[in-house]
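Accompanying notes for the structure given below.
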Amino acid sequence: MERAVRSPVRHPRLTVVLGRWLGAAFLTCFATGVFSHVLQDASATTALSSAGLLPTRPVSLYRITQGVHVTAGIAAIPLLLGKLWSVYPRLLEWPPVRSMPHALERASIALFVSASLVQVTIGLINTYQWYPWPFPFRQTHYWLAWVIIGSLVLHVAIKLPVILDHWRRPLRPHGRGAADPRVGVSRRGVLAAIGLGSAALVTTTAGQSLPALAGVNVLAPRRMGVGPQGVPVNRTSAQAAVGELARDPGWALTVTHDGRSRSFTLEALRALPQREHDLPIACVEGWSQNAHWRGVPVRELLTLVGAPAASTLRFTSLEPQGSYREMTMPAACAADEQTLVALELNGAVLDLEHGYPARVIAPGRPGVLQTKWLSSVEVIV
Ligand SMILES: Nc1nc2c(c(=O)[nH]1)N[C@H]1C(S)=C(S)[C@@H](COP(=O)(O)O)O[C@H]1N2
Ligand SMILES: [Mo]
């Protein structure tokens, strides 16, 4: 322990360099995470849409931001563990509190470390579609992010003198090559190992959203191109208990406006002018894939029931229960010519698992809002 504390490897310079990497990863996660949170919030998107500020282009915008979010979060794990390793003897310091500023410093670190560990753990588990906790993931992940950023700002403010002292590479004898003769590793070696750890995790998972790395995606749960019609499936029809309802030959899509409803059978929908677009499914869990969709533009359906193209809509799924049964679509999205009630995927009738008989596909939207197995559309404003 004494030896570890005095090791020149466990030097503030190492902690500062790791802190910079970790800071960059966390700030990236924070910005993309807030964006994702806002996009999933019906009142926020409706407000942004009325202000003309809801981005729907590029169509892959959310695919990019969420891919970056999950990838940066995964890269942060070795950095966080490495940073903890670089300071852990100081976490066990005795006496635990020496003064008021010291107490503040330690409290901010304790908060930062514990919140960060929980954050990357639940985030990682979430990418495996596993929700083994009783609290709502999205809200918890969001509020923890603020706790982390707050304690990070405090931590950086308190440590600013040390950070500035070690911002630049030191001169020898504590130089970059300085090895601890007792353990035989250099600071540079430790940094390289941690950096390689991060790079290895990124390389073996980023292919869930980045086509160029799809071939070496061995750790992420979803494989690009693997699934019915060459697209992965999130919730299956069995999990959603929609099989029978979706296969019912009497199925029809009900569109309601101003107290009047009109039903469109599958045949009637197919008889309407069809449009084709390449749009991605971009899951909040970090996997995404582009696909070719064909169907009826939502704005076309609105015209047929006498509603303005820029209407706020509520889509309901056949799914009897579940968080994604209902979806609010802001006006900017409804009016977008690429927003479809899709009937076909990659050149064939929608597979039951992808939302047969009809599903929503819209540009720039999180996967959770691409409602499958549609039942009705209501014009709400
Ligand atoms: N009705 C309904 N639609 C849904 C879901 C769901 O659980 N129920 N899951 C959503 C999620 S989380 C994603 S990522 C996409 C995935 O579409 P896919 O399964 O066709 O790839 O569907 C969305 N549509
Ligand atoms: Mo998803």
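The values are calculated or read from the model by the stated rules, or taken from the named source; none is laboratory data. In this text the structure is predicted, and so the values were computed from the model without any measurement. Reconstructed Cβ throughout: ideal geometry from the backbone, glycine too, with neighbour counts over all protein chains shown.
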Within segment 347-381, restricting to residues that are more than 15 Å from residue 300 (Cβ to Cβ), away from ligand 1 (no atom under 11 Å from the Cβ) and out of contact with any Phe, Trp or Tyr (no Cβ under 6 Å at 6 or more places or on another chain), the one that is modelled with the lowest pLDDT is 381
If you go through 334, 348, the only one that is away from ligand 2 (no atom under 16 Å from the Cβ), of a type in the set (Gly, Ala, Ser) and crowded, with 22+ Cβ neighbours inside 10 Å is 334
Output for Cβ contacts, cut-off 8 Å, separation at least six or different chains, first residue at positive phi in segment 350-376, second acidic (Asp, Glu) and more than 11 Å from ligand 2 (Cβ to nearest atom), reads 373/319
Restricting segment 278-303 to residues that are in contact with a Ser or Thr (Cβ under 9 Å, 6 or more places away or on another chain) and part of a strand (DSSP E or B), the one farthest from ligand 1 (Cβ to nearest atom) turns out to be 297
Flagged in segment 207-221 as touching a Gly at 6+ places or on another chain (Cβ under 8 Å) and part of a loop (DSSP other than H, G, I, E, B), in numbering order, are 209, 210, 217, 220
In the set 279, 253, 245, 266, the lone residue that is on the phi < 0 side of the Ramachandran plot, touching a strand residue (DSSP E or B) at 6+ places or on another chain (Cβ under 7 Å), at pLDDT 95 or above and more than 16 Å from ligand 2 (Cβ to nearest atom) is 253
Counting only residues that are touching a residue at least 60 places away in the same chain (Cβ under 8 Å) and surrounded by fewer than 16 Cβ atoms within 10 Å (Cβ to Cβ), segment 212-229 contains a total of 2
Of (1) among the small types (Gly, Ala, Ser); (2) surrounded by 24 or more Cβ atoms within 10 Å (Cβ to Cβ); (3) within 16 Å of ligand 2 (Cβ to nearest atom), residue 367 fails just (2)
Picking from 142, 128, the residue that is under 18 Å from the mean Cα position of the chain (by Cα), at pLDDT below 90 and among the hydroxyl-bearing types (Ser, Thr, Tyr) would be 128
- prompt: Out of curiosity, is residue 294 within 16 Å of ligand 2 (Cβ to nearest atom), closer than 27 Å to residue 65 by Cα and among the charged types (D, E, K, R)?
  reply: no
Quiz item: Has segment 242-251 got any residue that is touching an Asp or Glu at 6+ places or on another chain (Cβ under 7 Å) and either acidic (Asp, Glu) or in contact (Cβ under 8 Å) with a residue 24 or more places away in the chain (or both)?
Solution: yes
The condition of being aliphatic (A, V, I, L, M), part of a helix (DSSP H, G or I) and farther than 27 Å from residue 212 by Cβ holds, among 47, 75, only for 47
### Query
Quick one: would you say residue 157 is more than 16 Å from ligand 2 (Cβ to nearest atom), aliphatic (A, V, I, L, M), within 23 Å of residue 22 (Cβ to Cβ) and modelled with pLDDT under 95?
yes
Filter segment 332-370 for residues that are farther than 14 Å from residue 61 by Cβ and assigned to a helix (DSSP H, G or I); the one that is nearest to the chain's Cα centre (by Cα) is 368
Q) Regarding residue 182, is this residue among the charged types (D, E, K, R), more than 26 Å from residue 371 (Cα to Cα), exposed (fewer than 14 other Cβ atoms within 10 Å of the Cβ) and at pLDDT below 95? A) yes
Quiz item: Right, residue 319: assigned to a helix (DSSP H, G or I) and within 8 Å of ligand 1 (Cβ to nearest atom) or not?
Solution: no
